[in-house]
Amino acid sequence: MNDWLEQSSGSAADPDRVSISVISHGHARLIASLLADIAVHVRTPIEVILTLNLPENLPFEPARFAFPLRIVENAAPKGFAANQNAAFHLGRGEFFCALNPDIRIERDPFPELLKCFQDRSVGVAAPLIRNPAGKIDDSARRFPTPSSILRKALFYRTEVDYPIKDETIYPDWVAGMFMVFRRDVFAALGGFDERYFLYYEDVNLCARLMLAGKRVALCPSAFAVHDARRQSLRSLRYLRWHLSSMMRYFLFWAGHLARRRIAGERN
C-alpha cells in the first residue's frame, strides 16, 4: 500500500485531466475506432495510455491525434489488472479511466462523470452502457453469490439488476469496461488486485471500495456503447480464467467474513 502511494505521488497530478488506459490484445482496429471517437467527441482534457499486450501493427499514426497518446509494448503478456495498474502509474491525470477497446463514444461522457466526484463518498463512476442495438447493458450489478451464479447459468436472464432512470444510481459494482476513479482513491486501494488475470477484477475492486466506505455510482446522463466480446462463452481458456477468478472472489469474501467474525468474538 505504501509503495503504491509513493509511486503515485512522484509529481503533481493535473487536476483537469483524465488519464485513459486502454489495453489491446490484438484489438488495434477496434482501438483505432475508439481513438477516432475520442478525437471527435471528447473535449475534456485527457491523455491516453495504450498498452499493446501482444505484438501488433497499429493501423493509424499515433501523432495524428491532438491529445497525448503514449504507447506501451509489453515484452510478455500481462493480465488486465497488472496492465491497468502499470498504466495508472504512467498517467498524470487527477482522474484515471479504465476503458475497453470495444467501447464506442458518441458524446463526451466525462463532464457528467466527473460531477459524481463532487460527492466525496463516490469511489468510482461509470456511464450508462448500451449494446449496439440500443438496449441497456447489465453493467450495473449486485454482488454475485453462488446462488445467483447458479440461477444465471441454469436460467440465462438478460434483465438488468437495477432499474435505470434519469438519476444517478449506486449499485454494488459496475463492469470494468468503463470505470473512472479519482486518482487518490485508486492509489489508496492499491489499484486492481493483480492476482486476478482476467474477470472479476472490477467486482473485487468495487467490493474493496465498499469496505473502505466508498460508493459506486452509475450516471445515466453519461453513456457509451459496448460491443461485448463474451469470450468466456466461446473459448475454453477464457472460461477457465472466468471460473478461477470467480472462485478467487468468493474466497476473498469468505476471508473477509471470517475476519469480521473473529473481530466480533474478540470484542
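The values are calculated or read from the model by the stated rules, or taken from the named source; none is laboratory data. In this text, all values refer to a predicted model and were calculated from it rather than measured experimentally. Neighbour counts are summed over all protein chains in view; Cβ atoms, including those assigned to glycine, are modelled from backbone coordinates with ideal geometry. Just the protein is used for accessible areas: all its heavy atoms, side chains included, with ligands, DNA and RNA removed. Shrake-Rupley method; radii C 1.70, N 1.55, O 1.52, S 1.80 Å.
Scanning segment 63-73 for residues that are within 20 Å of the chain's Cα centre (by Cα) and open to solvent by less than 50 Å² (accessible area, probe 1.4 Å) yields 69, 72.
Please go through segment 29-49 and give me each residue that is in a helix (DSSP H, G or I) and open to solvent by 10 Å² or more (accessible area, probe 1.4 Å), ordered by number. Walk me through how you get there before you give the answer.
Residues of segment 29-49 that are in a helix (DSSP H, G or I), as a first pass: 29-41.
Selection gives 29, 30, 32, 33, 36, 37, 39, 40, 41.
Of the helices (runs of 4 or more DSSP H) lying entirely inside segment 155-267, those containing at least 1 residues that are modelled with pLDDT of 95 or more are 183-189, 201-211. Within segment 202-228, being open to solvent by 10 Å² or more (accessible area, probe 1.4 Å) and under 17 Å from residue 125 (Cβ atoms) holds for 202, 208, 210, 212, 213, 214, 215, 220, 221, 223, 226.
Among residues of segment 239-251 that are in contact (Cβ under 8 Å) with a residue 24 or more places away in the chain and over 10 Å from residue 197 (Cβ atoms), none has a beta-carbon under 9 Å from a residue that is open to solvent by 90 Å² or more (accessible area, probe 1.4 Å) and among the aromatic types (Phe, Trp, Tyr) at least six positions away or on a different chain. If you check 60, 80, which single one turns out to be open to solvent by less than 60 Å² (accessible area, probe 1.4 Å), modelled with pLDDT under 95 and touching a Phe, Trp or Tyr at 6+ places or on another chain (Cβ under 8 Å)? Of the residues listed, the single one that is open to solvent by less than 60 Å² (accessible area, probe 1.4 Å), modelled with pLDDT under 95 and touching a Phe, Trp or Tyr at 6+ places or on another chain (Cβ under 8 Å) is 80.
When residue 94 is tested against the conditions (1) acidic (Asp, Glu); (2) open to solvent by 40 Å² or more (accessible area, probe 1.4 Å); (3) over 15 Å from residue 183 (Cα atoms), the lone failure is (3).
Of all residues in segment 108-149 being aliphatic (A, V, I, L, M) and in a helix (DSSP H, G or I), which is least open to solvent (accessible area, probe 1.4 Å)?
Initial filter on segment 108-149 (aliphatic (A, V, I, L, M)): 113-114, 122, 124-126, 128-129, 133, 136, 140, 149.
Now drop any that are not in a helix (DSSP H, G or I), which leaves 113-114, 149.
Numbers: 113: 0, 114: 40, 149: 49 Å².
The residue in question is 113.
In segment 26-38, the residues that are under 17 Å from residue 109 (Cα atoms) and modelled with pLDDT under 95 never reach a residue that is of a type outside the set (D, E, K, R) and open to solvent by less than 20 Å² (accessible area, probe 1.4 Å) with C-beta atoms less than 7 angstrom apart, at least six apart or across chains.
For segment 97-107, what are the residues that are outside any strand (DSSP E or B) and open to solvent by 20 Å² or more (accessible area, probe 1.4 Å)?
Those that are outside any strand (DSSP E or B) and open to solvent by 20 Å² or more (accessible area, probe 1.4 Å): 100, 106, 107.
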